[in-house]
Structures are given as C-alpha cells and as structure tokens.
C-alpha cells in the first residue's frame, strides 16, 4: 500500500493507523522498505522453507529440554556451574521457542498482526538471543574469575552472587528486547526504518549490534586469557593425565569461540549492511535474513553440546535420564543399558565426577585443609 497525497497527509494517515493499532500499518512499512517486492513469486517456496525452519527450532527446543530435565533431575551438585548450566540451557530453550513462534507467525500471518503483536513477536526473539549471549558472557566471566583470580568464599555467598548475576542477565535481556515496544521504533518515520525489520529503527539495531559485538569481544578476551593460562599450566605439568586434561580444555575453549563467531558473525554483518546500506541495495541483497537468523538460532543447539556434553557428569545425567525412560517403557536398548543407567544414577557420588574439586595446575592441596576449595583450572572449565 503506497501512501497517497502530500507527505503531511500521509504522515497523519500513518499516525491514525498507529493510534488505532491497525495491521495496515505493517503493510505500509513493509511496502516502503521493499520487502513486498517479489513476495508473490516466492510464496510457493515459503512452505518448504518454513518447514525447515520449524525443524531447526524444534531441534533447539528438544535438545535443550532434554539437557535441562536431565540436569535438574539427575545432577545432585549445586555448585555455581550447575546454575550456569541451567541458565544457559533455559535461555537457549527460550530462543528455540521464540524462533518457533516467530516462524509460525511469519509469511502471510505478518500482515494480520497488530503493531504491538509484531513488536512482541520480534522482541521476544531479541530477548531470548540476548539472554543466551548474556549467559555465555557471564559463564565466561565466572570461569575467568575462578581460574585466573580465585577468591575463597563460602558456598552460600558464591551461590547468591551467581543467582544475582543470572537475574541481572534476564532483566537486561528483557529490557533490550522490549525497547521498540516501549517506544524506540520508527513508526511513521520511514527514513529511519530498517529494511530487514521495517518497524525497527536503524539506531536501535545499531545499538543492539554494538552490544552484541562488545559481548563477543569480551567473551573472546576472557577465553583467550583462559586459553593462555591452561596452555602454560599444561606445559608445566609433568603428568600425562594432566596434559590430556589441558588439551581437552583447550579444545573446548576453541569450540566455544569458533561456534559463536560462525553462528553470529553473518548476522552482525547483515545488520550492519542493513544499517548503512540503501533501500534499493537491501531489496536486492538482504533477502537471506531468514537463513542467517536461523544460523544464529542454531548456536543455541550447539551450546548444549559444548557446554554440557563435554562434562562427564552431565553426560551421565543425560544418559541416565534416557536409559531410565526406556526402561520405564519396557524397552531394552543395545548394549548394557541397565548397567549404564545404574552408573549414571550413582555417578554424582563418585570421585570421578567432573564437578568435584581436583588437583590444580597451581599445586595440589589436601581436601582436609579446607571444607571447600575454589574450582581448579581443570574442573572449572570442563564442568561447563
């Protein structure tokens, strides 16, 4: 729908649509951004793409739901890594759900939404992605503080501080995602609107890109420092098992960084191109947003693998949960499922648990010296 009449009359008509919460406002903005060009030609292929994106979101939801339930029901440890794992998994689960809702309400459904519903649809996805990245940043900071600058503190103090920071992560994520709904948008100010998200202000998108870029840079700096500490301590270690643990730890750090950059880098580039490019350029080249956004969401499916399944105790928890579920249904899987389930059930109490205090690269200490020790350079990162 093209605006008719003088610019003043068109602006007044737009304001009336905005005041009434009419869905025609969305069509007006999409038309101005060029997002309606060629839409009828690609309508036939949207069903296949939508099905693929629904499958991606379901993968994210199911994977994180499995890990979350396994951690809550099977892990007996309640140290800080437990709360970090639960927080990361919960934020990634919300990301999958938000993306699923976003996909199901896209396409032709977009133009039947009220403006507030459109802002809520996009804002919840922004909030979930922000919560996931904030969780990764907080976990990296806790690892750095535990390994590089360990401070002796009681379990209750540590737990309270961790829960406080987790609450702050969610508060900041909610605020960031709902800013357009609260008024930072470009309704009826077409020149300042994004081409990818036609009701979002370019200034707001630039603000989000800067925030996410700073988070990425900070995570890389923190894990870079952890990487140097682990490599230096691994070279000093004389025992082969300690060296193997160091190599495993370095591989985990590299996987975290590579996955984050690969999944988020294209989205950052696309948003920057949208901010500084023209509408004509956007109409031609910015149609790959769905794929790039799906790649960023896919990071929430990679996170449980890196942060959870590389921990022995979480692997036992997931395996025990799956085996116990099969046994309740009367199924017998291949191999020794009964033995694996029994081992998983008792895994939290064994001395081989990856979450228990261990000998540090900085020198071993007797567990009887203190009731509780700071996490070591091995256990602090392997646990998450």
Revision key, fill the gap. Placing each pseudo-label 7 Å from Cα in the direction of the beta carbon, residue 49 and residue 189 end up separated by a distance in nanometres of 3.0 nm
Review point. What do you get for Rg/Rh of segment 49-118 when both radii come from the Cα atoms and Rh is the Kirkwood radius?
Key: 1.15
Check your understanding: Between residue 203 and residue 171, what is the spin-label point distance in nm, taking each point 7 Å from the Cα along the Cα→C-beta axis?
Key -> 2.6 nm
Point to revise | Label-point separation in nm, residue 116 to residue 231, each point 7 Å along Cα→Cβ | key: 5.4 nm
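Readers should treat all values here as calculations from the given coordinates under stated rules, not as data from a laboratory. None of these values were measured; they are calculated from a predicted model. For neighbour counting, all protein chains shown are included, and Cβ atoms are generated from backbone atoms with ideal geometry for every residue, glycine included.
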